[in-house]
Amino acid sequence: MASATTSRFSRSALIKLAVGLVLVGGLFAVPRYVSSPYALHIMILIFLSTIMGESWNILGGYTGQYSVGHAAYFGVGAYTTVMLMQFRQVPPWIGVWAGIAAVLVVALIIGSICFRLRGPYFVLASIAVAEIMRLSATNLDKFTKGAEGILATEIPVFIIGEHVVTDFLTKVPFYYIGLSLALLTIAVTWAVQHSKLGYYFQAIREDQDAAHSLGINIPLYKNIGLAISATLTALAGSFYAIYVGFVDPSTVLSLDLSVQIVLVCIIGGIGTIYGPVVGALALVPLSEALRSNAIAEGLFKSGIVDPASATGTFLKENLAHAHVLIYGILVVLVILFMPEGLLGFLRKLGARLKQGRA
Amino acid sequence: MRVNRIGWLLALGLSLAVPGSAQAPKPVKIGAINSTSGAEAPIGETINNGYILALEDLKKKGINVELIREDDTGKPQISMSAMEKLATRDSVAGVVGPYTSACANAISRLAEKYRVPLLVPVASKEDITRQGLTWLFRLSATTDDYAAILIDMALKVGKPKSIAIINENTDFGTSAAKSAKAFSESHGLKVVAEEAYAKGSPDYRSTLTKIKGQNPDLVFMVSYVADGILLMRQAREVGLQPQAFLGAGAGFGNPAFAKETDISNNVFSSTQWTEEVTWPGAKEFAKRYREKFNKEPVYHAANAYASLMIMGETAAKAGGDREKIRAALDSGKWNGIMGEVKFQDYDGYTNQNKHPMLVEQIRNGKFETVWPATFTKNKPFYPFPKWK
Amino acid sequence: MTIFLQSLISGILVGGVYALIGIGLTLVFGVMRIINFAHGDIMMVGMYLTYMLFSMVGIDPFLSVLITFPLMYLLGVFLQKVLINRVLDALPQNQILLTIGLGLIMSNTMMLAFTSDYKILSTTYSSSSFSVGGSSISQPLTISFLITAAITGGLYWFLVKTNTGQAIRATAQDREAAQLMGINVKRMSGIAFGLGAGLAGTAGALIAPTYYIFPQVGSVFTLKAFVITVLGGMGSVVGAAIGGIIVGVSESMGAVYISSGWKDVVVYVIFLLVLLFKPAGLLGKSRM
């Protein structure tokens, strides 16, 4: 009996590993076969969302500290990298380390303030701190160029020795950087979940007082969780800044962004390794499809609605306006009917199907 | 489908009627990136209205444009998505937009990369056309121009010695305030107060009281319409009494502001377009705009209209060939509701239209063009009368 | 001195409106322990309602409170019954996202209905003011301050003297204990959310004549309401009233003595200090 279960376990683990390797290999091969920059761009945005969601997951999902102020780390990472590149000619692959260092300092300060608080008080404090960061970046215009933002004019060519690695002129280098960072954050999450650290984190999430009585140093582990989460978020911020080439307080330090980060994780499935991946895979294409009016286009192309008819005109004029509304409705529906996120829902569905077959 | 057929028949009819003037009426695809949802939506809507009228007029000229509208919600990375899609998936001949400077900056290099002609209608930040890009063209005047024309006028019609600058701390607000400061200092005006406020605050009385204590001769403001109304209402309450209130475009050139005659009369604002100007078609545009949208026309709509007209005509003439369109934009000259448009290289700008700015003054709830004298016979009323 | 007095007075008057928003949120939070991110959006709906009543029927914004409050109360009860009730026992982050989604739905519905143009409600007295000792005092803000004071007083009386009010307070203090005492907690939640929405809507009506209306106006006020609620102590009506005035005065003092750009930072710093040194808020009982 025992041997049967172990062998089945290892077989399923092997299958999982094989599937994972094939998937990753396939993803690395994509730029060879897909030349559409638009498709690559959407993939890059999916990677970016994955990185943000996974990073938040470590603090919010595993440690149970629901920060709604992660834009602070994203923004500091983005600003540091771009400012060093633009004002001091420091190439981004060096600047990003400075960004991480800056974020760790910020995280330490924020942690020392916010971790004294629990529950809703923590949520609100995290928002307040992020807002202070945003307002500071807006007002310190001698330092950050304020609300005007910073436009990165040129990314230096990446050279190792004599060999030109990339000149950052196409989407491809960004695709690989995004993919690598996304895999890195997934790996970090996996490592956290399968280590003592993850066990401590989850103990704090489940019952802080009980964790304390078990002898877990709560402030220490909360700060470790925050440090990991903030570092990865800073990476996302730096990546975004270099990719988009423009930062300003209202995009990289806004409450909207903080909410977006939480959304990816919760819609996908909080506290799971692959939840944020599922969240990013669902949300990025969905919002792009809604925004670019792909639904109306699809209806027209399939011939269900005539674009020249009254309904067609109505759809054309209004669906584009209504995309945020539809997005909001979907968020509410997921929260109400899939409280464990898409991943939890898919798992339940899978289990039910299996039961049905048995 | 039906629209296409009608358009085709219409174009065919026109080409028969005017021999040799129009070519095969294959629709030319043009992208329009705009902010129609989110915080920037109010002006995004105005811009879209300009496009609607331009489409009608292009059709009248036998040019069948398929306009692919993209909403960037005012966010740079989404604007990039839109540009990627238009340039590579929809294969448009050219793009007009986006609305905000942040978005325009973010997509400027994409235009260069994909070799898509991009015509920026209203985003006014200087650096957009200072990157030496060859595929990007800007019809709009720059932020510097908004500040310069107003202060220049005040210096010529009065004898101000000092200026207070109040601006919202947004992209446009900050850069216009900076321009105003630089211009004032280089022209011997003393800047006695600089206040950058966060948009959407319900109370500016204390800030205004502080400014009143400095007794400035000029008050220069950059705000959107709602804050503009609040600022002026509260300036009256606290009795702020400069020689002139100068509003840099945006809210102060908005008809909703003018309607508040208690506080709006005699306020100056700089703008890129007014209907009284002698530019061909300006009056008709204003009339049609009122009839169609039941709203007062503003410069955003005129800029958008002119941009799409230029892009549409150029693209149709070049048969949708991007390289040819770029060359035509680079060398062409147009004369329409925005006056003469020409994309030139000067003062570090590339492909920048040297657009002349105008100053309007509100009289009895109506805008009157009062400056510069080359465009109008009206004289500015200066100084600002005592508050009642 | 004039500047000091001016900023003190206008801070207090604006703070009155903030207080009303804060009181609404504190009730919801106290009874349900839900951070309502849609609170500002509910206020925005109230502003549009006031605008419609004024521009279509010609009802004065201050009088329209009599219509706005009950309608917004009903909207609140409806939202609570249909949506919020389902997540009362869910994870806090899901509650937050639900209210965020709700806010998106409300603001974007309004955008479709009214376009995103700024609406300005200009009454004859919108910019009238009177002068006391060199300070200018806005007439409409003074009226709205008085109305706010009356509503706060009435609410306080309701919560202290009536049975329902006492039941609400009991639920706010300890949900389980209240349930054991036989209080219909679900019903209290409905009433609390209704009152919260009603008060937010009223605040919207009161600020409408001196402010402006657009679909995204809510988010500014949501954040302010959070600050006020924590300052006063979550669940404390009097605390929220005082918190509102503190926020109003610190904003206007910050604008004068530091700068307009930094005034919100002043508010957030005060907020964090209170969180750290008196986490239960100025008037709240500790529930940490």
**Message:** Pairwise over distinct Cα atoms, reciprocal of the mean inverse distance: report the Kirkwood radius of chain B in Å, one decimal place.
**Reply:** 21.5
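At 222 nm, what helix-only mean residue ellipticity would chain A give, in deg cm²/dmol to the nearest 500, using -39500 (n - 2.57) for each DSSP H run of four or more? Spell out each step's value before the answer.
Numbers: 17 runs with 270 residues, N = 358.
Rounded to the nearest 500, it is -25000 deg cm²/dmol.
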**Prompt:** If you find the alpha carbon centre of segment B:255-294 and of segment B:325-388, how far apart are they in angstrom?
**Reply:** 13
**Request:** Report the GluC sites (Glu not before Pro) located in segment A:263-358 that are in a DSSP loop and have at most 14 other Cβ atoms inside 10 Å of their Cβ, or state none.
**Result:** none
**Prompt:** Of A:LEU257, A:LEU286, A:LEU299, which has the largest mean-square fluctuation in a 10 Å C-alpha GNM of chain A?
**Reply:** A:LEU299
**Request:** May I ask for the equivalent-ellipsoid semi-axes of segment A:36-270, computed as the square root of five times each C-alpha gyration tensor eigenvalue and listed largest first in whole Å?
**Result:** 31, 20, 15
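So what is the 222 nm mean residue ellipticity for chain B from helices alone, if each DSSP H run of at least 4 adds -39500 (n - 2.57) and you divide by all residues, rounding to the nearest 500 deg cm²/dmol?
Values: 13 runs with 163 residues, N = 388.
Only helices count here, giving -13000 deg cm²/dmol.
Within 10 Å of each Cβ in A:29-36, how many Cβ atoms from other chains are there, averaged over the peptide? It would help to have the intermediate numbers written out before the result.
Numbers: counts 0, 0, 0, 0, 0, 0, 1, 4.
The shielding value for this peptide is 1.
Run through segment C:213-288 and list the trypsin sites (Lys or Arg not before Pro) located in a DSSP loop whose Cβ has at most 15 other Cβ atoms within 10 Å. Intermediate results must be reported in sequence, preceding the final value.
On the way: sites: C:LYS224, C:LYS263, C:LYS285, C:ARG287; in loops: C:LYS285, C:ARG287.
Qualifying residues, ordered by number: C:LYS285.
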**Request:** Find how many whole Å separate the alpha carbon centroid of segment C:104-142 from the alpha carbon centroid of segment A:191-270.
**Result:** 40
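Determine the dipole magnitude for the protein assembly as shown: charges of +1 sit on the beta-carbon of Lys and Arg, -1 on that of Asp and Glu, nothing else is charged, the reference point is the Cα centre, and the result goes in debye to the nearest 20. Mind dumping the intermediate values first?
Values: 85 positive and 66 negative charges, 293 e Å.
Dipole size: approximately 1400 debye.
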**Message:** Among DSSP bridges having both ends in the protein assembly as shown, what percentage is antiparallel? Round to the nearest 5.
**Reply:** 40
**Complete:** The alpha-carbon center of segment C:1-56 and that of segment B:137-169 are separated, in whole Å, by 36
**Item:** Most mobile listed residue (C:GLN179, C:GLN93, C:GLN139) in chain C, GNM with C-alpha springs under 10 Å
**Value:** C:GLN93
**Prompt:** In vacuo Debye scattering of segment B:195-271, one point per C-alpha: log10 I(q)/I(0) at q = 0.16, 0.19, 0.21, 0.28 Å⁻¹?
**Reply:** -0.50, -0.73, -0.91, -1.63
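Rounded, prolate or oblate: which fits segment B:38-126 when a ≥ b ≥ c are the square roots of the eigenvalues of the alpha-carbon gyration tensor, with rounded for a/c under 1.5 and prolate only if a/b beats b/c?
Values: a/c = 1.83, a/b = 1.21, b/c = 1.51.
Verdict is oblate for segment B:38-126.
Please tell me the relative contact order of chain C in percent, rounded to the nearest whole number, where contacts are Cα pairs under 8 Å and at least six residues apart.
Working: 496 pairs, mean separation 111.8, N = 288.
The value is 39 percent.
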**Prompt:** So how compact is segment C:158-269: Cα radius of gyration and Dmax in angstrom?
**Reply:** 17.0, 53
**Item:** Selection from C:ILE12, C:ILE42, C:LEU91, by position along the positive dipole direction of segment C:2-219 (Cβ)
**Value:** C:LEU91
**Asked** Taking all pairs of different Cα atoms in segment A:1-151, averaging 1/r and flipping that mean, what Kirkwood radius in angstroms comes out?
**Response** 18.9
**Asked** Taking Cα atoms of the protein assembly as shown, Rg/Rh with Kirkwood Rh, to two decimals?
**Response** 0.97
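Is it possible to state the helix-based mean residue ellipticity at 222 nm for chain C, with each DSSP H run of 4+ residues giving -39500 (n - 2.57), the sum divided by total residues, to the nearest 500 deg cm²/dmol? What is it?
-24000 deg cm²/dmol
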**Request:** Springs between alpha-carbon atoms under 10 Å, Gaussian network over chain C: tell me which of C:LEU66, C:LEU102, C:LEU159 tops the mean-square fluctuations.
**Result:** C:LEU66
**Fill in**
Here, GluC sites (Glu not before Pro) of segment A:91-166 satisfying both criteria (DSSP loop; at most 10 other Cβ within 10 Å) are A:GLU162
**For segment C:120-223, fraction of C-alpha pairs farther apart than 18 Å, in %** = 62
**Request:** Mind checking which of C:LEU112, C:SER144, B:THR142 is farthest towards the positive end of the protein assembly as shown's charge dipole, using Cβ charges of +1 (Lys, Arg) and -1 (Asp, Glu) about the Cα centre?
**Result:** C:LEU112
**Asked** When the dipole is taken about the Cα centre of segment B:120-203, and only Lys, Arg (+1) and Asp, Glu (-1) are charged at their Cβ, what size is it in debye, to the nearest 20?
**Response** 260
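Where does segment B:244-388 land on Rg(C-alpha)/(2.2 N^0.38 Å)? Working shown, then result.
Details: Rg = 17.5 Å, N = 145, 2.2 N^0.38 = 14.6 Å.
For segment B:244-388, the normalised Cα radius of gyration comes out at 1.20.
Expressed in nm², what is the orientationally averaged projection area of the convex hull enclosing the Cα positions of segment A:86-226? Write out the running numbers ahead of the final one.
Numbers: hull surface 46.5 nm².
Dividing the Cα hull surface by four gives the mean projection, 11.6 nm².
About the Cα centre, and with charges only on the beta carbon of Lys, Arg (+1) and Asp, Glu (-1), how big is the dipole of segment C:2-219? Nearest 20 debye, please. Please report the intermediate quantities before stating the final value.
On the way: 9 positive and 6 negative charges, 87 e Å.
The calculation lands at about 420 debye.
Kirkwood hydrodynamic radius, computed over distinct alpha-carbon pairs, for segment C:2-219: how many Å, to one decimal? Please report the intermediate quantities before stating the final value.
Working: mean 1/r = 0.0554 Å⁻¹.
Final number for the Kirkwood radius of segment C:2-219 is 18.1 Å.
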**Item:** Between 0 and 90°, nearest 10: helix C:237-257 axis offset from chain C longest Cα axis
**Value:** 40
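Pull out the extension gain between C:GLU176 and C:ILE258, defined as 0.36 nm times the separation in residues minus the alpha carbon to alpha carbon distance; nm, one decimal.
Numbers: separation 82, 0.36 × 82 = 29.52 nm, distance 4.64 nm.
Going from the current span to full extension adds 24.9 nm.
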**Fill in**
For C:PHE277 and B:LYS159, extending 7 Å from Cα along the Cα-Cβ vector and measuring point to point gives, in nm, a value of 5.4
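FYI, it's all coordinate maths here, none of it is from the lab. Computed from a predicted structure; not experimentally measured. When we count neighbours, we look across all protein chains shown, and the Cβ atoms used for this are built from the backbone with ideal geometry, even at glycine.
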